[in-house]
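The values are calculated or read from the model by the stated rules, or taken from the named source; none is laboratory data. Not measured: the values here are computed from a predicted model. Here the Cβ positions follow ideal geometry from the backbone for every residue, glycine too, while neighbour counts run over all protein chains shown.
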Amino acid sequence: MLRCEACPYSVRAMLILLRKILLLTCLSVISLFALAYWGLGYTPLYLYNTPSVATGIGAKLACSARFVSGYNALATAADIKQYSPILSLLDYQYDDAQQRVAATLLGVKSRSASYQPGIGCAIDYPGVTTRQVLRWPVMRAAQAAWPKGNAVVNVDPAIQPRLDTLLARDNAAGHDTRALLIAYRGRVVAESYSRGIDKNTPLIGWSMTKSVNSLLLGHLVMTGTVNVAENDLFPSWHKDVRADISIRDLLQMTDGLDYQEDYDPGDTAVRMLFQEPDAADYMLKRPQLRAPGRHFNYSSGSATLLSRIIQDRVVGAEQADLTYLVDDFMRPLGLTSATFEMDASGQLMGSSYLYATARDWAKVGQLMLNGGEINGTRLVSQQWVADSVQPNGSDNEKAYGYQWWLNRGDSQLRWPDLPANTYAAMGNRDQRVMVFPEAELVVVRLGWSPNDYPDNQNFKQILDWFK
């Protein structure tokens, strides 16, 4: 071993000392951040959970951005840090050979997420290997015009330049719109993409996944596998008040479970998504806060429980569930670009993690517009579509149906300048699949907005193009 004759320490000892100094420095920086946040009123629970949540968010989103959407590292880091200043401190390690991404916070806390074709990325948990053996069935797009296939053959020369201008205006205003698409009377008439994004780029829908989850459940209702009036849904709820919760309550987010859709460390939403290997098991342990059916509380946890019901009722074995999902729903719908992510336990993440191209997201809206039929196949009943866009019966916020946001239902329209019967799948960072029944129009907007997207203004403008 080499030694330094001019000092009492070996090179090895000096390296150990340097590592300790670096570790203490990192801990000091974290402590300073902690003191600063504590001084702003953040709780010890928040501070305790911050390193785990930050690295979990970073690893999961970076993995999906890289291996599902094909983003580069710089663009991915820029997207992720928009959620919190502390995420700008993350360091990412990409392992393309193993299709894994690790996120490290100041050299102290590190977590990783791994990719599998078709089922995307999930955070790694030691000893949790269920997901690793699953395989997504091969999917190929039909050689046909949209929506049966992906060929767009009749772009409207009057609409296309207007849509290009709208996307450019969005991005000049800082909205970071990445895809805009218009389907009119059953065909795509215009689509515009920002730099680096195109017709083949799968983009995250965030909570638009809930609307697809609802359609999956509607398919099971149509086949007689599920009834929305059912209650006493899970064995662990049999002997307590949660047995009164119905599938309809979960669909309309009036289940009354103790869950908050807040995204600070220590909150239920981030615990479920970024700190638990089995999201549904976490939700099954949440206590009852209110009687079901009376109070609307927006909840990704409710959607997660619906995913558990779907998988339990299909077959109950993860690989068979995937095969059914593809063969009986996604192929007929034409969602050949879709990646429906699962957590480490093999639970479909029906609250948040469906990736698809703009063309495929538009097929979801077209299915609803068509009353549940597309490409010659009925996937949900007309009654399911009608029920999905009916206001719920809560006392506080009625403009929400079966995992679809409604324009009508409350004292004022959600979008004052749009028709009252407009409805939408909506997701974080202002993902949108807007459906205008009377105009026979579906509009998709995908992006990464740091601020509120001007839904009312922009979609009113698009609607006016077809008058």
### Query
So is Val380 outside any helix (DSSP H, G or I), touching a helix residue (DSSP H, G or I) at 6+ places or on another chain (Cβ under 7 Å) and within 23 Å of Thr225 (Cα to Cα) or not?
yes
#### Entry: Number of the exception - Ala439 against (1) free of Cβ contacts under 8 Å to residues at least 24 places away in the same chain; (2) within 17 Å of Leu181 (Cα to Cα); (3) hydrophobic (A, V, I, L, M, F, W, C)
(1)
#### Entry: Entirely in the stretch 114-204, the strands (runs of 3 or more DSSP E) that have 2 or more residues that are in contact (Cβ under 8 Å) with a residue 40 or more places away in the chain and under 24 Å from Ala425 (Cα atoms)
120-123, 149-151, 177-184, 187-193
#### Entry: Meets criteria (buried (at least 17 other Cβ atoms within 10 Å of the Cβ), touching a helix residue (DSSP H, G or I) at 6+ places or on another chain (Cβ under 6 Å) and under 29 Å from Pro126 (Cβ atoms)) for Gly218
no
### Message
Please count how many residues of the stretch 309-356 are in contact (Cβ under 8 Å) with a residue 24 or more places away in the chain, over 17 Å from the mean Cα position of the chain (by Cα) and on the phi > 0 side of the Ramachandran plot.
### Response
1
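Here's the yes/no breakdown for (1) in contact with a Cys (Cβ under 8 Å, 6 or more places away or on another chain); (2) in a helix (DSSP H, G or I); (3) surrounded by fewer than 21 Cβ atoms within 10 Å (Cβ to Cβ):
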| residue | (1), (2), (3) |
| --- | --- |
| Gly350 | no, no, no |
| Ala362 | no, yes, no |
| Gln403 | no, no, no |
| Asp410 | no, no, yes |
| Pro416 | no, no, yes |
| Pro419 | no, no, yes |
### Task
Could you tell me whether the stretch 298-320 includes any residue that is modelled with pLDDT of 95 or more, part of a helix (DSSP H, G or I), closer than 21 Å to Val389 by Cα and touching a Pro at 6+ places or on another chain (Cβ under 6 Å)?
no
### Query
Could we say that Thr304 is crowded, with 21+ Cβ neighbours inside 10 Å and out of contact with any Lys or Arg (no Cβ under 7 Å at 6 or more places or on another chain) here?
yes
### Filter result (crowded, with 20+ Cβ neighbours inside 10 Å and of a type in the set (Phe, Trp, Tyr)) within the stretch 251-281
Tyr259, Phe274
### Filter result (on the phi < 0 side of the Ramachandran plot and free of Cβ contacts under 8 Å to residues at least 40 places away in the same chain) within the stretch 232-247
Pro235, His238, Lys239, Ala243
### Residue check, Gln366 within 24 Å of the chain's Cα centre (by Cα) and outside any loop (DSSP other than H, G, I, E, B)
yes
### Matching residues, the stretch 410-467, being among the charged types (D, E, K, R) and either touching a helix residue (DSSP H, G or I) at 6+ places or on another chain (Cβ under 6 Å) or under 28 Å from Gly196 (Cβ atoms) (or both)
Asp417, Arg429, Asp430, Arg432, Arg445, Asp452, Asp455
